[in-house]
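First up is the structure itself, then whatever we jot down about it.
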Amino acid sequence: MTFSTKTFALASAALVTVLGAFAAPAFAQAPATPWELKPDTGYAYDREGKTFSYKMGTSNAGELLKGAKKVPKGTLFFIGHNGQLYMRSGPYLEGDGKFKFGPDQ
């Protein structure tokens, strides 16, 4: 099975975003927490918008990396109101370190 880093990153973001939405209080901004991505695990975001994780091997790692791209630092992933997964490169924190796109207060 081949798997791209871009797909991995998108699927990871979808998982974190969906899980974070359920864990956050309604009127308070939850503190940021680091992703816990596991080595030798691939994360997928399929054509229907579902997310999956796969145990990966190393026998075809060269093929896996052929079409892969590194995700730039400073990239934000999120799911829009339409259920589509998006990514945005650019600032997402205010000068004081608060999340720029947090809940309205």
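Quickly run through region 65-86 and pick out the residues that are open to solvent by less than 90 Å² (accessible area, probe 1.4 Å) and under 22 Å from residue 31 (Cβ atoms).
74, 75, 76, 77, 78, 79
Residue by residue, here is whether (1) at pLDDT 70 or above; (2) touching a helix residue (DSSP H, G or I) at 6+ places or on another chain (Cβ under 9 Å); (3) exposed (fewer than 12 other Cβ atoms within 10 Å of the Cβ) holds:
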position	(1), (2), (3)
7	no, no, no
11	no, no, no
19	no, no, yes
22	no, no, yes
29	no, no, no
43	yes, yes, no
62	yes, no, yes
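The values are calculated or read from the model by the stated rules, or taken from the named source; none is laboratory data. The shown structure was predicted, so the numbers you read here are calculated from the model rather than taken from an experiment. Glycine gets a Cβ as well: all are built from the backbone with ideal geometry, and neighbour counts include every protein chain shown. Keep in mind that these areas ignore ligands, DNA and RNA; they rest on the heavy atoms of the full protein, side chains included. Shrake-Rupley method; radii C 1.70, N 1.55, O 1.52, S 1.80 Å.
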